[in-house]
Amino acid sequence: MRAGRIPAWISLTLMVVLLCDGACSNTDSPTTNPVQSLELNQFADLVTAETFTGLVVVFATWCSPCRHELPDVAEVYRNKPSQQIQIIAVSVDDEGPAPVQRLVNKLQLPFPVYHVGPALISALRIVGVPTLLVMNKGKLVESSPGQQNARALLAKINKLDGLGQ
């Protein structure tokens with residue numbers, strides 16, 4: 001072997017390891033926040049209850065902006081100024097809760113995450129994911145399509161706090 005040359009099998013192994021980035025492993029991270037599957041009507045009952053004031057993040061695992069937004073949502077959840085404000089996420093993935101659970105585990109999301117599926121898109125007239133729904137006492141006060149950052153999420157929470165919940 002000449003100096004400076006890497007054998008082909010080592011190069012191929014390194015390339016597979018880099019491309020997999022843990023996704024090729026059969027071992028998932030331990031589940032500390034199980035994703036719950038809900039029917040559309042169960043989800044509606046949850047967020048339209050008078051006791052629900054907070055943010056609902058509508059996302060899909062295949063959506064790159066969603067995957068970038070969720071860590072900001074987690075940061076805000078961990079540091080939110082008001083414990084009365086709830087933060088949840090709901091997946092519209094059509095493959096069931098398994099890919100959602102893998103993403104929750106990978107990102108170590110601390111807030112409740114639900115899987116409802118694509119029926120939610122038409123039911124809520126979602127134009128794209130991610131979409132943020134702002135709820136006050138079970139009433140929709142704002143629907144914002146597009147990726148939100150931590151500052152925007154905190155502003156929405158502070159606005160809800162100002163409404164007196």
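Observations on the structure shown:
- Anisotropy class of segment 29-162 from Cα gyration tensor, a/c 1.5 cut: rounded
- Sorting 49-58, 62-71 by their mean Cβ neighbour count within 10 Å, with the most densely packed peptide first, gives 49-58, 62-71.
Values quoted throughout were computed directly from the atomic coordinates according to the rules given, and no laboratory measurement underlies them. Because the structure is a prediction, the values reported are computed rather than measured. Note that we place each Cβ from the backbone using ideal geometry, even for glycine, and neighbour counts take in every protein chain shown.
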